[in-house]
1. Which pairs have Cβ atoms under 9 Å, sit 6 or more apart or on different chains, and link a residue in the range 49-63 that is in the same structural domain as residue 134 (by TED's automatic domain parsing) and free of Cβ contacts under 8 Å to residues at least 60 places away in the same chain to one that is surrounded by 13 or more Cβ atoms within 10 Å (Cβ to Cβ) and in a loop (DSSP other than H, G, I, E, B)?
2. Which numbered condition trips up residue 122, out of (1) without any contact (Cβ under 8 Å) to a residue 40 or more places away in the chain; (2) touching a helix residue (DSSP H, G or I) at 6+ places or on another chain (Cβ under 8 Å)?
3. If you take the residues of the range 89-106 that are among the polar types (S, T, N, Q) and part of a loop (DSSP other than H, G, I, E, B), which of them is modelled with the lowest pLDDT?
4. Among the residues of the range 72-85, is any closer than 15 Å to residue 138 by Cβ and free of Cβ contacts under 8 Å to residues at least 40 places away in the same chain?
5. Within the range 20-48, work out how many residues are touching a His at 6+ places or on another chain (Cβ under 6 Å) and either without any contact (Cβ under 8 Å) to a residue 40 or more places away in the chain or surrounded by fewer than 14 Cβ atoms within 10 Å (Cβ to Cβ) (or both).
6. Just checking, how many residues over the range 3-19 are in contact with a strand residue (DSSP E or B) (Cβ under 8 Å, 6 or more places away or on another chain) and either without any contact (Cβ under 8 Å) to a residue 60 or more places away in the chain or under 12 Å from residue 139 (Cα atoms) (or both)?
7. Taking residue 109 and the conditions (1) over 15 Å from the mean Cα position of the chain (by Cα); (2) among the β-branched types (Val, Ile, Thr); (3) under 23 Å from residue 17 (Cα atoms), which numbered condition does it fall short on, given that it satisfies the others?
8. Being surrounded by 10 or more Cβ atoms within 10 Å (Cβ to Cβ) and more than 21 Å from residue 39 (Cα to Cα) is the filter here; which residues of the range 60-81 pass it?
Amino acid sequence: MKISLNSIVTLHHKLGLTDGSVLEDTFDEEPLTYHLGTGELAEGLELSLIDLEEGDEQTLDIGPDLAFGFPVDDMVHTMPRKEFDPEQELTPGLIIEFSTPSGETVPGTILEFDEASVQVDFNHPLAGQTIRYSVKIIAIEEADEAPQLLN
């Protein structure tokens, strides 16, 4: 069976950058399972799996257009320092989870700060990066129903 856009795929993967840095690696852990088409994976990661079969392995470099997008200037916000826990040690590059009004959490990267304000980048931390994605397909199932896309 080949992977399609409605497959449930169990796999090992390694997600990193083209400089060799590794961000996530499940090859020495339990494999992960994804239902393609639900938004669990970035578009380019999903597309890289199409037509692979059980046992297949591959490594691809996926550009920002299909991975995590390009940085958008409007996603950088300046927030009052008083909105942060005074015990929180801020450093440039620190990624903090923020709650949205709807209750979701989003990552924000600290860019710079002073006593009055903190500049936070809410672009995906990997926006603008080419991703190196290695996979080994463990199992493939065809879903009973088409995926329900997440909002």
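1. 50/3; 50/4; 50/5; 50/36; 51/3; 51/4
2. The single condition residue 122 does not satisfy is (1).
3. 100
4. No: the range 72-85 contains no residue that is closer than 15 Å to residue 138 by Cβ and free of Cβ contacts under 8 Å to residues at least 40 places away in the same chain.
5. So the count comes out to 2.
6. Residues that pass the stated criteria total 7.
7. Looking at each condition in turn, residue 109 falls short on (1).
8. Within the range 60-81, 76, 77, 78, 79, 81 meet the criteria.
The values are calculated or read from the model by the stated rules, or taken from the named source; none is laboratory data. From a predicted model like this one, the values you see are computed outputs, not experimental measurements. Cβ atoms come from the backbone with ideal geometry, glycine included; neighbour counts cover every protein chain shown.
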